[in-house]
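Here the structure is laid out as structure tokens; the discussion comes afterwards.
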Amino acid sequence: MNLPQLFRQSLRMTGRDWRAGELRLLAMALVIAVAAVTSVGFFVDRLRLGMERDAAQLLAADLVVSSDQPISEALRARARNAQLQTAETVTFPSMALNAANLDRNALAAVKAVSPAYPLRGSMRVSGEAAAADAPTREIPRAGTVWVDPQLLQAIGAKPGDELKLGESTFRIDRVITIEPDRGTGFINFAPRVMINLADLPATQLITTGSRVTFRLLAAGERPAVKAFATSIERELQRGQRLESLESGRPEMQRTLERAQRFLALVALLAAMIAAVAVAAAARRFSQRHLDSCAMMRCLGLAQTDIFWLFALEFVVIGIAACVVGVLLGYAAHFALLAAIGSLIKTSLPFPSLLPALQGGAVGLVLLLGFALPPLVQLRSVPPLRVLRKDIGLPTGRSSLGYLVGLAGFLLLLLWSSNDLKIGSVTAGGFAGGLLVFALAAWGVLQLLAPLRSMTGKLGISWRFAIAAVQRRPVATIVQLVSLAVGLMALLLLTVTRTDLVSAWRSAAPPDAPNRFVINVQPDQVPAVTQRLKDGGIDAELHPMIRGRLIKVNGNAVGPENYTDDRAQRLVDREFNLSYAKDAPGHNRITSGAWFRDGSDELSIEEGIAKTLGLKLGDQLTFDIAGESVTARATSLRKVNWDSMRANFFVLMPPSLLADKPASFITAFHLPESKAALTGDLVREFPNLTVIDTTAVFRQVQAVLDQVIAAVEFLFIFTLAAGVLVLYSALAASRDERVREAGLLRALGASRQQLSRAQLAELACIGALAGLLAAIGASAIGWALAKFAFEFEYAISPWVFAAGIGGGAFCALAGGYLGLRGVLKTPPLATLREA
């Protein structure tokens, strides 16, 4: 047959098989895989395009120099000489109080801005909390503040009222609705209070130990901006950096990155489960078309023509399924945007065609890799074997096709997931899982042989069940592996979701500290301690010294010495150091011994030591206010961060740090009945910053709830793919089961005996698949937790109970739904068809 004839005949066969329902399972699996991948792809692509479009607006400038020390006049002069516009901002946390009722206070993110701010984009403000807003190029006038509406609610104030910051009192002038460089309306650490930079000194809020970020904003012609960035990049001091969207808006980037990672994981799981469904459906399709292939071969059609007839049929259905999957994914990505809608206030551009191309490529490779190999077998089997309805084990050529298809499919998933860690860990885990599950299934079949001698004790139903499993080993292995992979994906999603939520919402003890007080100056320590004691709070104040790690064993260190992102960030910033005579009770010494006062020794937290490659005996040198302090690491500590106490990465003897510039910090549990103590403390000591961690946790949980809502929506695809896998795995052996049941009934077996045998077989296969799935999900979950999400993960026994029980239940439920008609077929009809 020539190509046009092949194509026309293939189209006729496609229509016939679709009407007969032969292709629907295959098409549904492809649609689910493509829709899962493209929905996340469109979502991530629109975020990326929006960030690229609004990059300058999100920074409020073309270039930002960020520093933990005040911007030098020399740097300002260089920017002006480069013909760039400049502006400055100073941001830090502080307490904001209602001047008319000092008991109403809240932690605020204070931002002092200079004239010309913002250089790119614009502020939008309103005169009332619920009034219409308008753009403005102004900044707060001297003696006034602009605030977020959340702050007005928190302190019970309104525009026109007075607000107290440190030693200054301001009039609330306007309400901020959009602040361009705040991450497009992202939920921040605390509500904003914006003041004029000229008013900052009078507040007396910036003291020793204050967490302050100074930024120089620059804007101008692109060549001038690029030249200025290049000229200063190599001259930046420690603690200074050029900000991009990623580095300048870390709170936005990290949260969206984690959301995207989790969504990518769910999409990968759905696509991988769908791959199993496609393989099972394609195998069943091939088995059910053996008769037609035999007939065409008897009529003289060449094996190559037979292959191309079915290959073109698969390609046609594959292209149609990919188009439907892309359209479904495009519609579904709007649901993802709606679920995380409050995090993104800006309008997003339409996505590019890249996610559609990625989804289409995944679908076609999935089809070609897992559906065509069964057809390849038809080319090499003899006609007699085809007429016996037995295509046997995969040939070397078809096995190679499966391997090539699997490799291509996994590579495409890595590309479409946009996350190498998530993609490689998940893809590698599933590829290894397929191999391990197949070997385990084969091993179980070998172990069943000795049980046949015991079937007299087990009963006739168990003898039928064991005989049936051994009689069709390929179908049994396919069923077990398919069910195990589907269950593993569902368990993995449940495990990672549960542990991620637990990590983000780690439940602290009921009496865990829920207030942090920072910026306590040395001369205020006795008074603050006494004030807390008078309020019934027994709190210990800890010294906090800012220091930067500059040498290890006499060798200078900096970000360039490390490849890990976290290590680069840690070594580029100032550490919070402290001193103590005794080891903290909530810290555990894991290596070495605690130092003696008067010695040149230190204790370091084991996690940061591992990140920075430090070990016992290393000499560490810190720059503290221009002075170098060197000490040797003599102990590693396991810090219980969940204790919510004041913890430090590095502790030294008092003899080394007691004379260095310090502020003090304390953490304590404040019952709701004593909530007024916070207002009293800030009223008496305006420079203090009190962080209410319960409010912070509520904000984090609000963000997390939206991310989880998006994940749960995407879980629909995973669940649908899992149902398809279960159905296709059972349906693949349905015809053979009908013939066996008919033959056994003709030989005298009752329907009840065959029904019990079928239930025993399905329950055992399901339980074993569930056990394998639980092992695989625990292993992949551990790898994802350690290498991708970076949270603690402990293997839970309930995963195995859920896997075994869930596997048995799914197999029995699926067997009832998919095989309930097997025993209803009259034996005579079965024998006639055979």
Review point. Within segment 143-151, can one find any residue that is assigned to a loop (DSSP other than H, G, I, E, B) and open to solvent by 50 Å² or more (accessible area, probe 1.4 Å)?
Key: no
Check your understanding: Among the residues of segment 253-296, which ones are open to solvent by 10 Å² or more (accessible area, probe 1.4 Å), at pLDDT below 70 and under 26 Å from the mean Cα position of the chain (by Cα)?
Key -> Q253, R254, T255, E257, R258, Q260, R261
Check your understanding: Does at least one position in segment 526-541 carry a residue that is farther than 30 Å from I775 by Cβ, assigned to a loop (DSSP other than H, G, I, E, B), open to solvent by less than 50 Å² (accessible area, probe 1.4 Å) and at pLDDT 90 or above?
Key -> yes
Practice item. Run down F622, F664 and say which single residue is in contact with a helix residue (DSSP H, G or I) (Cβ under 9 Å, 6 or more places away or on another chain), modelled with pLDDT of 80 or more, not in a helix (DSSP H, G or I) and not small (G, A, S). Key: F664
Practice item. Could you pull out the residue among L216, L236, L165 that is at pLDDT below 85 and among the hydrophobic types (A, V, I, L, M, F, W, C)? Key: L236
Review point. (1) modelled with pLDDT of 80 or more; (2) out of contact with any Ser or Thr (no Cβ under 6 Å at 6 or more places or on another chain); (3) open to solvent by 30 Å² or more (accessible area, probe 1.4 Å): which one isn't true of R515, the others all being true?
Key: (3)
Check your understanding: How many residues does segment 158-178 contain that are surrounded by fewer than 19 Cβ atoms within 10 Å (Cβ to Cβ), in contact with a helix residue (DSSP H, G or I) (Cβ under 8 Å, 6 or more places away or on another chain) and within 9 Å of T203 (Cα to Cα)?
Key -> 2
Review point. Considering A130, A106, A96, A112, which residue is in contact with a helix residue (DSSP H, G or I) (Cβ under 9 Å, 6 or more places away or on another chain) and either assigned to a loop (DSSP other than H, G, I, E, B) or open to solvent by 20 Å² or more (accessible area, probe 1.4 Å) (or both)?
Key: A130
Review point. Does any residue of segment 591-606 turn out to be within 35 Å of the chain's Cα centre (by Cα), assigned to a strand (DSSP E or B) and surrounded by fewer than 19 Cβ atoms within 10 Å (Cβ to Cβ)?
Key: yes
Review point. Do we find that F214 is part of a strand (DSSP E or B), in contact (Cβ under 8 Å) with a residue 12 or more places away in the chain and within 34 Å of the chain's Cα centre (by Cα) in this structure?
Key: yes
Practice item. Scan segment 614-629 residue by residue and report those that are loosely packed, with under 15 Cβ neighbours inside 10 Å, out of contact with any Pro (no Cβ under 9 Å at 6 or more places or on another chain) and touching a residue at least 12 places away in the same chain (Cβ under 8 Å). Key: K615, L616, G617, E627, S628
Check your understanding: Is segment 667-690 home to any residue that is closer than 25 Å to P93 by Cα, at pLDDT below 65 and buried (at least 19 other Cβ atoms within 10 Å of the Cβ)?
Key -> no
Review point. So which residues in segment 1-22 are under 41 Å from the mean Cα position of the chain (by Cα), open to solvent by less than 100 Å² (accessible area, probe 1.4 Å) and at pLDDT 80 or above, if there are any at all?
Key: T14
Revision key, fill the gap. Counting only residues that are open to solvent by 70 Å² or more (accessible area, probe 1.4 Å) and assigned to a strand (DSSP E or B), segment 630-661 contains a total of 2
Check your understanding: Of everything in segment 190-206 that's modelled with pLDDT under 95 and of a type in the set (S, T, N, Q), which residue is surrounded by the most Cβ atoms within 10 Å (Cβ to Cβ)?
Key -> T203
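The values are calculated or read from the model by the stated rules, or taken from the named source; none is laboratory data. Note that this is a predicted model, so its numbers are computed, not measured. Cβ sites come from the backbone with ideal geometry, for glycine too, and all protein chains shown count toward neighbours. Calculation scope for accessible area: heavy atoms of the full protein, side chains included, ligands and nucleic acids excluded. Shrake-Rupley method; radii C 1.70, N 1.55, O 1.52, S 1.80 Å.
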